[in-house]
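Here is the structure we will look at.
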Amino acid sequence: MTVEQIFSECFNIPVEQVHDNIKYQEIEKWDSLNHLKFTARLEEVYDIELDMDDIINMSSVKKIREILQNYGVAA
Amino acid sequence: MNIDQQIDQLISEPQYQFTDAEKEKRLLPVIREQLKSHYRNNRHVKSWLDKLALDIDRIPSLAAVPPLPTQMFKYFDLQTSPGELQRILYSSSTSGQTPSRIPISPLTAQRQTKALAAIIKNHFGAKRRPFLAIDSPASNREARGITARGAAIRGFSILAREMVYAFDDHDGRMVFNEERVRDFFRRHQAEEVFALGFTFVIWSEFRKALLDANLRFHCPNLVLVHGGGWKKLRAQSVSKEVFSGTLAGLLGSRPENVLDYYGMVEQTGIVFIDCVAGHKHAPNFAEVKIRNYLTLEENGIGQPGYIEIMNLLPDSYPGMSILTEDVGEILGADDCPCGRKGKYFVFRSRLEKSEARGCGDTFREN
Ligand SMILES: [Zn+2]
């Protein structure tokens, strides 16, 4: 599963509308509670454990991709 | 560096490193700029400062920043940022009282999240863990605004790997979900579990529910963090020691893993969590003053008085020197056994009768 697919599923937007520049809280569903559900889903799909700094720093789709790369996930 | 960058730096640098003297030097220039901005952006703040005839650039020390009584948030719109708000926080008011109304801008919210993360990381580490919220999800639902309880759960939730609520909401009533709580401990009891709740809710609802269901858990690495509502517990003669001992017993942890925090809705983003020595410390972006009951002058070490919190996080309300109705005491500075620098203090009590200080005319426009 790509990060776009997970993002699309968690925040309920069409996968073709997911792009690097979407920022935290810019789309309605991406609030603090759904952010946690989203990160839990990333951990499950990629079998990784994110720490608190990662969660805070996942402020855009681009940043999410960078953070996942630190864990060796080519997303 | 502009003031926003200075605040960002205060949040991102390692916490609790400033000595008392260093803090004075770092915070005062930022607070002066904040005061000027609030003066320009809010007419109530303007009339307050005009009346004091204060030359902001010449404020000589943090203690000389005029304290703003917390009740002002009940009676005045103190929004100081021109743009749109992200949310409004309300104090959990007791019945019949006007709640405080705290306007939160997107910038304030963003700083609060990062600030709280920095505090949590300093106390507990960056590893996320199973999280038991001793509340119902309703406390955390954003309708018109969220309460201190909801804000605390939201704030601490960055520490959650999995979040489970101990209660459900049935028509505005909290109902204990025994099965869910049992399942949570069955899966996680050997792990470093984090539990969070309102002190009074934990005592009157959670403790009672565990006793009623005859439930005991064995979770030796559980940390229970709780805040708020000591007044009601004192009325039932429940001390901090009794509280910690009882809950540690029921959950199979140790009393020293039960940690009290001091926080309030005006200070979202900042929690003062007990250190190993049982003291509370102010992070880099905040300071604590104790003020004399009558003169409101700064009290020295060992003299109880009103707690004033200086909070540099908000741009959307004047948080730089909020005088609370709480009583506390500074115990020392720079030498706490836990190693954190700066002043350390203890919370003593919440005033029974508030507004006894004749602050009613703070913002009166002459
Ligand atoms: Zn300490």
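Going by the conditions given, is B:PRO29 out of contact with any Ser or Thr (no Cβ under 9 Å at 6 or more places or on another chain) and over 16 Å from B:MET310 (Cα atoms)? Even if it seems obvious, please write down each step before you answer.
Working: out of contact with any Ser or Thr (no Cβ under 9 Å at 6 or more places or on another chain): yes; over 16 Å from B:MET310 (Cα atoms): no.
Spelling it out, it is not the case that B:PRO29 is out of contact with any Ser or Thr (no Cβ under 9 Å at 6 or more places or on another chain) and over 16 Å from B:MET310 (Cα atoms).
Being of a type in the set (Gly, Ala, Ser) and in contact (Cβ under 8 Å) with a residue 12 or more places away in the chain is the filter here; which residues of segment B:29-76 pass it? Explain how you work it out, then say what you get.
First, pick out the residues of segment B:29-76 that are of a type in the set (Gly, Ala, Ser): B:37, B:47, B:53, B:61, B:63-64.
Residues satisfying the conditions are B:SER37, B:SER47, B:SER61, B:ALA63.
Closer than 26 Å to B:ALA333 by Cα, away from the ligand (no atom under 16 Å from the Cβ) and in contact with a strand residue (DSSP E or B) (Cβ under 6 Å, 6 or more places away or on another chain): which single residue out of B:GLY263, B:GLY197 fits that description?
Numbers: B:GLY197 fails: closer than 26 Å to B:ALA333 by Cα.
Among B:GLY263, B:GLY197, only B:GLY263 is closer than 26 Å to B:ALA333 by Cα, away from the ligand (no atom under 16 Å from the Cβ) and in contact with a strand residue (DSSP E or B) (Cβ under 6 Å, 6 or more places away or on another chain).
Are there any pairs, at least 6 apart or on different chains, whose C-beta atoms fall under 6 Å, with the first in segment B:319-344 and within 14 Å of another protein chain (Cβ to nearest Cβ) and farther than 30 Å from B:ASN41 by Cα and the second among the β-branched types (Val, Ile, Thr) and more than 16 Å from the ligand (Cβ to nearest atom), and if so, which?
Partner pairs satisfying both residue conditions: none exist.
State whether the residues of segment B:37-55 include one that is under 20 Å from the mean Cα position of the chain (by Cα), surrounded by 14 or more Cβ atoms within 10 Å (Cβ to Cβ) and either among the small types (Gly, Ala, Ser) or modelled with pLDDT of 95 or more (or both).
Here is the first cut: in segment B:37-55, the ones under 20 Å from the mean Cα position of the chain (by Cα) are none.
No: zero hits.
Hey, A:MET1 hits all of (1) closer than 20 Å to B:LEU116 by Cα; (2) away from chain B (no Cβ under 14 Å); (3) aliphatic (A, V, I, L, M) but one; which does it fall short on?
That leaves (1) as the condition not met.
Within segment A:21-40, restricting attention to residues that are within 12 Å of chain B (Cβ to nearest Cβ) and assigned to a helix (DSSP H, G or I), which residue is nearest to the chain's Cα centre (by Cα)? Show your work before the answer.
Looking only at segment A:21-40, we keep the residues that are within 12 Å of chain B (Cβ to nearest Cβ), and these are A:23-26, A:28, A:31-37, A:39-40.
Subset that is assigned to a helix (DSSP H, G or I): A:32-37, A:39-40.
Details: A:SER32: 12, A:LEU33: 13, A:ASN34: 10, A:HIS35: 8, A:LEU36: 10, A:LYS37: 10, A:THR39: 6, A:ALA40: 9 Å.
Here the answer is A:THR39.
Name every residue in segment B:173-212 that is basic (Lys, Arg), under 13 Å from B:SER136 (Cα atoms) and either outside the structural domain of B:PHE243 (by TED's automatic domain parsing) or part of a helix (DSSP H, G or I) (or both), in order of residue number.
Listed by number, the list holds a single entry, B:ARG180.
Any residue at all in segment B:291-304 that is crowded, with 22+ Cβ neighbours inside 10 Å and of a type outside the set (Lys, Arg)?
No.
Looking only at segment B:183-229, which residues are polar (S, T, N, Q), modelled with pLDDT of 95 or more and farther than 24 Å from B:HIS123 by Cα?
Residue satisfying the conditions is B:ASN214 alone.
Return the residues of segment B:148-204 that are within 14 Å of another protein chain (Cβ to nearest Cβ) and among the charged types (D, E, K, R); say none if nothing qualifies.
Passing the criteria: B:ARG154, B:ARG161, B:GLU162, B:GLU191, B:GLU192.
Which residue is nearest to the ligand (Cβ to nearest atom), if the candidates are limited to segment B:311-322 and must be in contact with a Ser or Thr (Cβ under 9 Å, 6 or more places away or on another chain) and not β-branched (Val, Ile, Thr)? Step through it out loud before you land on a result.
Looking only at segment B:311-322, we keep the residues that are in contact with a Ser or Thr (Cβ under 9 Å, 6 or more places away or on another chain), and these are B:311, B:313-319, B:322.
Filter once more, so that each one left must be not β-branched (Val, Ile, Thr): B:311, B:313-319.
On the way: B:ASN311: 20, B:LEU313: 22, B:PRO314: 26, B:ASP315: 30, B:SER316: 31, B:TYR317: 29, B:PRO318: 29, B:GLY319: 24 Å.
The residue in question is B:ASN311.
For the structure I just gave you, tell me whether B:GLU308 is away from the ligand (no atom under 16 Å from the Cβ) and either crowded, with 20+ Cβ neighbours inside 10 Å or within 14 Å of the chain's Cα centre (by Cα) (or both). Talk me through it step by step, then tell me what you get.
Values: away from the ligand (no atom under 16 Å from the Cβ): yes; either crowded, with 20+ Cβ neighbours inside 10 Å or within 14 Å of the chain's Cα centre (by Cα) (or both): yes.
When the stated conditions are applied, B:GLU308 passes them.
Select from segment A:41-68 the residues that are farther than 21 Å from B:ILE120 by Cβ and within 11 Å of chain B (Cβ to nearest Cβ) and list them in ascending order.
Listed by number, the list holds a single entry, A:GLU44.
Return yes when A:VAL45 is without any contact (Cβ under 8 Å) to a residue 60 or more places away in the chain, surrounded by 14 or more Cβ atoms within 10 Å (Cβ to Cβ) and within 12 Å of the chain's Cα centre (by Cα) and no when it is not. Quick ask: steps written out before the conclusion?
Numbers: without any contact (Cβ under 8 Å) to a residue 60 or more places away in the chain: yes; surrounded by 14 or more Cβ atoms within 10 Å (Cβ to Cβ): yes; within 12 Å of the chain's Cα centre (by Cα): yes.
Judged against the criteria, A:VAL45 is a match.
The values are calculated or read from the model by the stated rules, or taken from the named source; none is laboratory data. Bear in mind the structure is a predicted one, so any value in this text is a computation, not a measurement. Positions of Cβ are backbone-derived with ideal geometry, glycine not excepted, and every protein chain shown enters the neighbour counts.
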